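Enquirer: This is the structure, below, for whatever I ask next.
The values are calculated or read from the model by the stated rules, or taken from the named source; none is laboratory data. All values derive from a computational prediction rather than experimental measurement. Virtual Cβ from ideal backbone geometry, glycine too; neighbours counted across all protein chains shown.
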Amino acid sequence: MKQSLLLAAILAAATIPSATAHNIVPKPNFVADRIGSLTLVPNAPIVISAPQSDSTALAEYAATWMPFTPAANPKGGIALRIEPAVERISSPEGYLLNVTPDSAVITATSGAGLFRGLVTLQQLADSKNTIRAVTIADQPRFGYRGMMLDISRHFRDKDFIKKQIDAMAKLKLNNLHLHLTDAAGWRIEIDRYPQLTEYAAWRPQPTWKQWNEGGNRYAHQSDSAAFGGYLTKADIRELVDYAAKRYINIVPEIEMPSHSEEVTATFPELSCTHNPAGQPDFCVGNEQTFEFLQNVLDEVIELFPSETIHIGGDEASKRAWKECELCKKRMADNNLKDVDELQSYLVERIEKYLNSKGRRLLGWDEIMEGGIAPNAAVMSWRGTESGIAAAKAGHQAIMSPGGYCYLDSYQDAPASQPEAIGGYLPISRVYSYNPVPDSIDSTAAQNMIGVQGNLWCEYIPTAEHAEYMLYPRMFAIAEIGWTDQDKRQFDDFLPRAIALGKQMSADGYTVFNLETEIGNKPEAKRPENHLALGKTVTYNIPWWRNYPANGTATLTDGVRGGWNYSDQLWQGYLYKGDERMDVTVDLEKVTPIKYIGCEFMQLIGPGVWHPSQVEIQISRDGKSFKTIATVNHEQKATDGVSFKTYSWSGSEKARYIRYIARAKEGVLFTDELIVR
Ligand code: ACM
Ligand code: ZN
């Protein structure tokens with residue numbers, strides 16, 4: 001590309017090394033500081049050259065910063081101009097911002113670009129609205145930069161959502177995905193089916209946890225002790241408009257064919273069994289299911305201008321389909337060989353319907369299982385493989401893998417945090433995610449259109465708690481989505497994230513304070529040296545293949561696990577019967593020993609339990625073993641993540657150590673067999 005005049009001018013301009021003083025998240029892609037500054041005073045001139053709807057949106061947003069006066073000349077103020085082409089900018093959301101002592105001028109090819117530039121300009125201003133002279137040429141790495149809010153598990157109202165849209169605008173995020181329907185509550189008014197918001201949106205208990213423990217029952221809105229709520233059509237229109245004025249699209253998600261107990265409780269004829277309790281899946285054999293879904297989608301389409309409509313598609317049980325006469329007939333009539341293909345039948349039919357209305361179908365990665373619908377886009381959550389496979393097969397993919405993008409995981413040491421669903425996802429790990437690794441070829445890379453942070457809310461009952469889980473980790477998602485990979489470094493991001501967190505706290509958001517972060521489990525921060533280090537372990541029972549960690553080396557590699565059993569440092573044991581783990585370590589020679597122990601994790605939600613009994617045996621010859629310790633423990637469900645060490649201390653000599661862990665319930669996880 002020939003060096004443009006502008007670029008030459010930028011390079012020639014007296015540049016001052018760019019300090020982190022540009023406290024902007026996401027980090028702009030090109031910044032050149034220049035000499036001087038501009039101070040904006042109230043009623044400074046604003047010149048907007050853009051179509052009317054953009055002008056209105058931009059003027060309104062600028063007015064939330066300070067009063068401006070519409071003018072013909074931007075001297076002492078700002079100019080926002082749409083131009084047919086802007087040097088160095090290829091994205092409609094890109095912008096060129098030039099701040100000189102005379103004025104601030106933003107050019108872009110669309111209103112969205114002007115808006116993103118205006119946000120940057122505001123963030124450059126100090127408390128006196130002085131802005132250092134600068135040239136910024138900036139555009140997003142990805143076209144889709146999303147945030148998902150689950151308002152089913154705990155209903156969140158219009159005002160909460162608007163507040164988060166404001167935060168998204170500052171972070172240059174452009175898609176708000178609303179998870180509107182799930183077992184715990186239907187959250188969108190549908191005129192055709194008022195029962196959905198009179199019944200399916202309400203429950204006898206305030207929190208998801210209590211509701212789950214109380215047998216997943218529903219209530220009527222009129223019941224004096226009913227908890228829940230929903231967005232009315234007026235609420236949704238207001239939200240769509242509010243978001244659009246910030247150049248944010250709202251992607252509605254209506255779950256199918258599963259996560260729909262609230263619907264089948266309301267309309268039992270829509271499940272295979274017609275049982276009003278505990279039926280997650282719609283009956284795919286029943287035409288009424290399609291009639292219902294299409295009627296709902298008609299109203300959803302009417303409310304949401306989003307080209308993309310999310311239809312869920314995750315975690316279908318598919319169990320009842322195997323026994324259901326209607327589902328079996330559907331499979332036979334359509335030559336569907338299994339229930340995965342039956343799910344694909346539904347998704348394909350719904351896709352055709354959406355396409356006929358000019359919309360595109362997006363679904364969780366399970367929609368690929370029985371063959372993906374022709375035009376569908378995939379949201380990759382169970383790791384990254386599905387998203388990559390979809391992109392390679394020519395489908396659009398949005399990456400939100402659980403290991404990086406699930407903001408319902410603990411963000412710091414679990415004991416220091418409100419109860420979460422589990423996991424351990426500190427901001428540093430979120431930030432480390434690169435949605436499109438270099439190994440992916442450019443055609444597939446083009447199909448990987450973005451990244452999204454997801455806030456599932458089973459364990460998040462309040463608005464404050466939701467914000468606390470979102471921020472600051474959403475800052476990391478925003479920067480992954482916007483800033484080029486080679487311009488991102490965690491050390492550079494962290495002080496900006498801390499500064500932005502403080503600013504958002506001052507603006508009334510509840511934000512986790514990164515300055516008090518404890519970090520990973522202390523044991524995981526350094527290698528563990530002990531007598532069994534590097535010694536051979538024989539597995540008398542195999543480990544659970546889903547959680548191999550470091551295979552046969554796991555228990556003696558000196559590497560301890562962190563707060564999260566899925567960090568690939570914890571090994572899982574799920575053998576049927578009481579005996580789950582049974583290993584023998586060979587110390588290679590008879591050795592004096594004083595301590596033998598393993599630490600186990602417990603997290604009841606996903607079924608991770610402490611053992612009910614551990615037996616520790618030793619031997620000199622590997623043939624005759626004697627038991628030196630039996631540690632019993634009554635298995636009890638507890639809240640949150642906990643750790644327990646099962647050990648022996650004493651004085652013995654042995655070459656072989658056998659460690660047996662038993663359990664009545666759950667899968668066991670340990671990380672190291674420590675011998676001293
Ligand atoms: C999901 O987390 N079930 C998409
Ligand atoms: Zn059925």
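Enquirer: Could you list, in sequence order, all residues of the range 382-402 that are among the small types (Gly, Ala, Ser) and surrounded by fewer than 16 Cβ atoms within 10 Å (Cβ to Cβ)?
Expert: Gly383, Ala393, Gly394
Enquirer: Oh, and also: Give me a count of the residues in the range 546-579 that are modelled with pLDDT under 95 and over 19 Å from Val641 (Cβ atoms).
Expert: 5
Enquirer: Please go through the range 120-144 and give me each residue that is in a strand (DSSP E or B), within 32 Å of the chain's Cα centre (by Cα) and farther than 23 Å from Gly501 by Cβ, ordered by number.
Expert: Ala137, Tyr144
Enquirer: Filter the range 592-609 for residues that are aromatic (Phe, Trp, Tyr) and buried (at least 18 other Cβ atoms within 10 Å of the Cβ) and give the result. It would help to see each step written out before you state the result.
Expert: Filtering the range 592-609 for residues aromatic (Phe, Trp, Tyr) gives 595, 600, 609.
The answer is Phe600, Trp609.
Enquirer: A further question on this structure: Looking only at the range 536-549, which residues are assigned to a loop (DSSP other than H, G, I, E, B) and surrounded by fewer than 18 Cβ atoms within 10 Å (Cβ to Cβ)?
Expert: Across the range 536-549, the qualifying residues are Asn540, Ile541, Pro542, Trp544, Arg545, Asn546, Pro548.
Enquirer: Among residues belonging to the range 273-286 that are under 14 Å from Gln343 (Cα atoms) and not acidic (Asp, Glu), point out the one that is nearest to ligand 1 (Cβ to nearest atom).
Expert: Filtering the range 273-286 for residues that are under 14 Å from Gln343 (Cα atoms) and not acidic (Asp, Glu), the one nearest to ligand 1 (Cβ to nearest atom) comes out as Pro280.
Enquirer: Pick from the range 293-325 the residues that are more than 19 Å from Gly278 (Cβ to Cβ) and either within 16 Å of ligand 2 (Cβ to nearest atom) or at pLDDT below 95 (or both): which of them is farthest from the chain's Cα centre (by Cα)?
Expert: For the range 293-325, the residue satisfying everything is Glu325.
Enquirer: Which residue pairs have Cβ atoms under 7 Å apart, sit 6 or more places apart or on different chains, and have a first residue in the range 283-304 that is over 29 Å from Glu238 (Cα atoms) and a second that is within 14 Å of ligand 2 (Cβ to nearest atom) and β-branched (Val, Ile, Thr)?
Expert: Going by the 7 Å Cβ cut-off, the qualifying pairs are Cys283/Thr289.
Enquirer: Here's a follow-up. Part of a strand (DSSP E or B) and surrounded by fewer than 16 Cβ atoms within 10 Å (Cβ to Cβ): which single residue out of Glu588, Glu665 fits that description?
Expert: Glu588
Enquirer: Of the numbered conditions (1) surrounded by fewer than 18 Cβ atoms within 10 Å (Cβ to Cβ); (2) closer than 30 Å to Ser624 by Cβ; (3) among the hydroxyl-bearing types (Ser, Thr, Tyr); (4) touching a residue at least 24 places away in the same chain (Cβ under 8 Å), Thr552 satisfies every one except a single condition; which is it?
Expert: (4)
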